[in-house]
Amino acid sequence: MKRIYAVISFLLLLAGNALLNLGYWLSAPANEPVQADLIVALGGGTGERDQMAAVLYNAGYAKKILLTGMGVSSNAGLSYYQSPRSLFLLKQGIPAEALIFDGYSINTHQETVNTAALLSAHRWKSVLVVSDPPHMRRLDYCLQPVFKKAGLSYQLLQSTAPTWHADRWWQDKRWLQFCIREVLKLVYYVLAYRN
């Protein structure tokens, strides 16, 4: 009986440690910026992704920005250049000709495939991909096989989310929900998209 309690205690300790470190694990694949052909600000989020894309562009890391998740429904029939995301970037000094739009992708896997196709069509080889910190693990999981097969490279960059804390992700309702969704989506992606 003591052995059973010891095993259960060990498993509970292991599970607790995994939960405490989930924020670090989800955000771990993030990198530092390097020169690239393109900056990609993934759709979703609350504006921090676009903010980071503007910082990277203005620092000279790339000459083009791709905005994904620009479907018609998110813009209520506006031209892409009239969308809140575009207007924000234009106000940050990004020229309109530096903006590229992906109006087809509705999830991370599609963003990955469509970004790789865009890079190949332009004969570009490298990209900086910006998303929220806990999105990094699943994003890396999606990008790695697609980009490796196409001979492309990527760097993952975290948006600057002032309320994100990897060591206390569960204390903020937004990040608690985000992290739970990321774990569930990662399991789905493992089953649905990995060969």
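The values are calculated or read from the model by the stated rules, or taken from the named source; none is laboratory data. Remember, it's a predicted structure, so these values are computed and weren't measured experimentally. A quick note on method: Cβ atoms are made from the backbone with ideal geometry, for glycine too, and the neighbour counts reach across all protein chains shown. Just so you know, the surface numbers come from the protein's heavy atoms only, side chains and all, with ligands and any DNA or RNA stripped out. Shrake-Rupley method; radii C 1.70, N 1.55, O 1.52, S 1.80 Å.
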**Request:** With the condition kept exactly as written, say whether any residue in the range 102-115 is open to solvent by 20 Å² or more (accessible area, probe 1.4 Å), of a type in the set (A, V, I, L, M, F, W, C) and more than 15 Å from the chain's Cα centre (by Cα).
**Result:** no
**Request:** All but one of (1) hydrophobic (A, V, I, L, M, F, W, C); (2) part of a helix (DSSP H, G or I); (3) without any contact (Cβ under 8 Å) to a residue 60 or more places away in the chain hold for ILE94, so report the exception by its number.
**Result:** (2)
**Request:** Output the residue which, of all residues in the range 141-161 that are among the hydroxyl-bearing types (Ser, Thr, Tyr) and not in a helix (DSSP H, G or I), is farthest from the chain's Cα centre (by Cα).
**Result:** SER153
**Item:** Single residue of ARG49, ARG123, ARG85 found to be surrounded by fewer than 19 Cβ atoms within 10 Å (Cβ to Cβ), among the charged types (D, E, K, R) and modelled with pLDDT of 90 or more
**Value:** ARG123
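Can you name the residue in the range 52-82 that is among the hydroxyl-bearing types (Ser, Thr, Tyr) and at pLDDT 95 or above and, of all such residues, is farthest from SER126 (Cα to Cα)? Can you show your working first?
Filtering the range 52-82 for residues among the hydroxyl-bearing types (Ser, Thr, Tyr) gives 57, 61, 68, 73-74, 79-81.
In the following step, the residues that additionally are at pLDDT 95 or above were identified as 57, 61.
Numbers: TYR57: 14, TYR61: 11 Å.
Checking each candidate, the answer is TYR57.
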**Request:** Consider ALA150 carefully, then state whether it is surrounded by 13 or more Cβ atoms within 10 Å (Cβ to Cβ) and aliphatic (A, V, I, L, M).
**Result:** yes
**Prompt:** Can you name every residue in the range 166-195 that is surrounded by fewer than 15 Cβ atoms within 10 Å (Cβ to Cβ) and outside any helix (DSSP H, G or I)?
**Reply:** ARG194, ASN195
**Request:** Just one of (1) under 24 Å from LEU67 (Cβ atoms); (2) in contact (Cβ under 8 Å) with a residue 24 or more places away in the chain; (3) open to solvent by 10 Å² or more (accessible area, probe 1.4 Å); (4) in contact with a Phe, Trp or Tyr (Cβ under 9 Å, 6 or more places away or on another chain) trips up THR163, so point out which.
**Result:** (2)
